[in-house]
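Read through the structure below, which is laid out as structure tokens, and then see the notes.
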Amino acid sequence: MTQGPLCQQWSHCPLQHPLHPPSEGPVPCVPISDNWPGYSLDLFTYPQHYYGDLEYVLIPHGIIVDRTERLAKDIMQDIGDNDIVVLCVLKGGYKFCADLVEHIKNLSRNSERFISMKVDFVRLKSYHNDQSMQDMQIIGGDDLSKLTGKDIVGTGRTMKVLLNNIEKYKPKMIKVASLLVKRTSRPDGYRPDYYGFEIPDLFVVGYALDYNEHFRDLNHICVINDHGKAKYRV
Ligand code: HPA
Ligand code: MG
């Protein structure tokens, strides 16, 4: 069987933590190239209040869900008999997290071993309009010390800051799942253990990803246009 396409490699893991060693070898994922024109919005349905605000569909909702199902299968294979604590990073990670948990539950129900799962939530906020801000705040999470001795599958983009906070509780294993990884030239590039798509360095919205709290109710992952940016700028 041939392996699927492989995505860009990070030369090192910036975390340098024994509980979270960098994955060895190339990681199979779905790469979306810089010159991918996307799908015309006319081919899909999407909320009328966003007509005129979007450029194109980067990843249709169905493909997101199908890819997430495969990530769930890969995660199931790797965690063995361990129970897991899923730490969902709000708000942008809630759709991916919900779908991932649902797939893990279904796969687990249809297999010999039933994985026990707990879910917790934290919130990280770092974006204003489409620009990343330096300051990042972690809000919520019942009590991160509960993660000790558990496996964590986190979802979200700004995982590096979060992991630095979680690792002091010495969980047995930490795994990070993110739906999207952006191809950036920034030196702090962090590669999750599981990721769905490697995308160009574009600002995207939909599937819970927002632009100033708008577009979370869009199913597909889309690229916003200048009109949309201006309309919802704060
Ligand atoms: N869209 C929405 N939120 C984000 C993005 C993005 O492309 N990158 C980081 N946070
Ligand atoms: Mg946001």
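Here are some notes:
- Residue within segment 109-120 that is of a type in the set (Ser, Thr, Tyr) and crowded, with 16+ Cβ neighbours inside 10 Å present: no
- The set of residues in segment 196-210 that are of a type in the set (A, V, I, L, M, F, W, C) and within 12 Å of ligand 2 (Cβ to nearest atom) comprises Phe203, Val204, Val205, Ala208, Leu209.
- Selected residue (criterion: nearest to Leu162 (Cα to Cα)) from residues of segment 95-125 that are assigned to a strand (DSSP E or B) and modelled with pLDDT of 85 or more: Val122
- Odd one out for Arg157 among (1) at pLDDT 85 or above; (2) closer than 21 Å to Asn219 by Cβ; (3) not in a strand (DSSP E or B): (1)
- Identity of the residue in segment 31-80, of a type in the set (S, T, N, Q) and in a loop (DSSP other than H, G, I, E, B), that ends up farthest from Lys182 (Cα to Cα): Thr45
- Within segment 43-80, restricting attention to residues that are farther than 19 Å from Tyr194 by Cβ and aliphatic (A, V, I, L, M), the residue that is surrounded by the fewest Cβ atoms within 10 Å (Cβ to Cβ) is Leu43.
- For Asp142, the conditions (1) surrounded by fewer than 18 Cβ atoms within 10 Å (Cβ to Cβ); (2) touching a strand residue (DSSP E or B) at 6+ places or on another chain (Cβ under 7 Å); (3) modelled with pLDDT of 75 or more all hold with the exception of (3).
The values are calculated or read from the model by the stated rules, or taken from the named source; none is laboratory data. Quick caveat: nothing in here was measured; it's all calculated off a predicted structure. Backbone-built Cβ (ideal geometry, glycine too); neighbour counts: all protein chains shown.
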